[in-house]
Amino acid sequence: MDRPLVLPVGQKVRFLITSQDVIHSWWVPAFAVKKDANPGFINEAWTLIDKPGIYRGQCAELCGKDHGFMPIVVIAKEPQEYQIWLEQTQIAQKQAYEEEQKLLAMEMPLDELMALGEKTYLSRCAMCHQPDGKGIDGVFPALAGEGISIDSSKRLEHIEIVVHGRKGTAMQAFGEQLTLQELAAVVTYERNAWGNDTKETVQAADVQAVKNAQDL
């Protein structure tokens, strides 16, 4: 779970459990709930929490290298406190949505994208693809002067790979690790650094469009 789950006490709660990647298992011992989270399926569980407090659990399925970093935290509140939390959360979500729409409507110039893109690339991508973009032969593909980085017809594919990763390779998905601006900037950087000079830019709206297509 990316953040604590907040629930009211004294009310039956229905959980709908699934996964976007591999098989996990949602387990909170105090709730007597342990359900597998399977990609493409939705499992159901119920509980009723008697007392306010913090309840902890974890993924109970050995699901990969990040298995040890998948804690579950549930914060149970009295109904009145829960309602206040819910209203505050809805206000915050509305504000975040409005900020996101402003961001999507904004276009960054090439020089700003390149500056942010270089910073993002060096911190997230250079370890594999190397600071000079030449990669490691047979392991990590070069981005300098070849491949999708210089092919205008593969601009969309370039965004998709950075956002969603590529199964069966070491290329991980950065869509949930970086902001829309960072994703747009790093793809722009890869398409214009090291002499690639496509003069093409990628904006936050382009990245969001790729994310939306994946959700359909």
Among Trp46, Trp194, Trp26, Trp85, rank each residue by its count of other Cβ atoms within 10 Å, from fewest to most, as a rough exposure measure.
-> Trp46, Trp85, Trp194, Trp26
Starting from the Cα-Cα distance between Lys34 and Thr198, subtract it from 0.36 nm times their residue separation and give me the gain in nm to one decimal.
-> 53.9 nm
For Leu5, residues with placed amide H under 5 Å, excluding near neighbours | Val73, Val74, Ile75
Grab the chain and count how many Lys pairs have their alpha-carbon atoms under 16 Å apart, sequence gap of 8 or more, or different chains.
-> 6
Ordered by fewest other Cβ atoms within 10 Å, a rough proxy for footprinting exposure, Arg191, Arg155, Arg3, Arg56 read Arg3, Arg56, Arg155, Arg191
Amide H neighbours of Gly135 under 5 Å, at least 5 residues apart or on other chains, H built in the peptide plane: list them.
-> Gln130, Leu143
Packing-wise, with mean Cβ within 10 Å as the measure, how do 112-118, 206-212 rank, highest first?
-> 112-118, 206-212
Can you list the residues of region 1-36 with backbone N under 19 Å from a point 7 Å past the Cα of Gln172, pointing along Cα to Cβ?
-> 1-3, 20-24
Kirkwood Rh, Cα atoms: Rg over Rh of region 103-215 = 0.93
Putting +1 on Lys and Arg Cβ atoms and -1 on Asp and Glu Cβ atoms, find which of Leu156, Leu7, Ala213 reaches farthest to the positive end of the dipole of the chain.
-> Leu7
CD proxy at 222 nm, helix term only [per DSSP H run n ≥ 4: -39500 (n - 2.57); per residue of the chain; nearest 500] = -12000 deg cm²/dmol
Sorted by chain and number, the residues with a modelled amide H under 5 Å from that of Val28, at a separation of 5 or more or across chains, are Val33
Under 17 Å from a point 7 Å along the Cα-to-Cβ line of Gln88: which residues of region 12-45 have their amide N that close?
-> none
The distance between the Cα centres of region 175-216 and region 84-133, in whole Å, is 10 Å
Whole-Å distance, taken between Cα centres, linking region 50-78 and region 149-174 | 32 Å
In what sequence do Met127, Met171 fall when counting other Cβ within 10 Å, fewest first?
-> Met127, Met171
Computed label-point distance, nm, for sites Gln95 and Ala45 using a 7 Å Cα→Cβ extension | 3.3 nm
Among (i) 12.9; (ii) 13.9; (iii) 15.9, the entry matching mean projected area of the Cα convex hull in nm² as calculated here is (ii)
Rank-order 58-65, 144-151 by packing density, defined as the average count of other C-beta atoms within 10 Å over each peptide's residues, highest first.
-> 144-151, 58-65
Could you check which residue among Ala205, Ala32, Ala173 shows the biggest mean-square fluctuation in a GNM of the chain with a 10 Å Cα cutoff?
-> Ala32
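We did not get these values from a lab; they are worked out from the coordinates using the rules stated. Quick caveat, the model's predicted, so the values are computed rather than measured. With ideal geometry, Cβ positions are generated from the backbone for all residues, glycine too; neighbour counts draw on all protein chains shown.
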